[in-house]
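Here's the structure, in structure tokens; my notes come after.
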């Protein structure tokens with residue numbers, strides 16, 4: 001994905017795309033400060049546990065229902081309009097229900113993960 005330094009506009013719902021094989025992730029935009037992705041899940045699909053060592057992440061639920069899961073914290077059920085903040089280093093995942101699609105906008109910062117970004121986020 002190319003880093004941007006200009007104003008961009010996207011009709012986010014036009015990006016919706018689904019696959020029965022796996023969830024669909026589409027990059028929307030990225031700068032040095034943030035990266036934004038659009039992710040579409042079919043019912044029953046999931047993104048397994050993972051963590052972002054440098055990036056904080058915000059989940060915004062565009063449509064559907066699901067659960068933001070955590071390894072060492074209580075899971076958070078989500079629905080349209082839900083916003084969940086996950087600090088860097090926290091192990092998390094995403095699960096849908098068996099009956100609902102789930103569409104998320106993911107915003108992570110910083111947009112770059114070089115050592116300079118780590119120093120910015122954690123004072124390393």
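Just to check your reading of the model, which residue among 61, 35 is out of contact with any helix residue (DSSP H, G or I) (no Cβ under 9 Å at 6 or more places or on another chain), at pLDDT 95 or above and within 30 Å of residue 5 (Cα to Cα)?
After ruling out the rest, the residue left standing is 61.
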Per the filter on the range 69-114, residues within 14 Å of the chain's Cα centre (by Cα), under 26 Å from residue 5 (Cβ atoms) and not in a strand (DSSP E or B) are 88, 110, 111
Checking residue 72 against (1) at pLDDT 95 or above; (2) surrounded by fewer than 17 Cβ atoms within 10 Å (Cβ to Cβ), the condition it does not meet
(1)
Of the residues in the range 19-31, how many are in a loop (DSSP other than H, G, I, E, B) and either closer than 13 Å to residue 104 by Cβ or without any contact (Cβ under 8 Å) to a residue 12 or more places away in the chain (or both)?
2
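The values are calculated or read from the model by the stated rules, or taken from the named source; none is laboratory data. The shown structure was predicted, so the numbers you read here are calculated from the model rather than taken from an experiment. With ideal geometry, Cβ positions are generated from the backbone for all residues, glycine too; neighbour counts draw on all protein chains shown.
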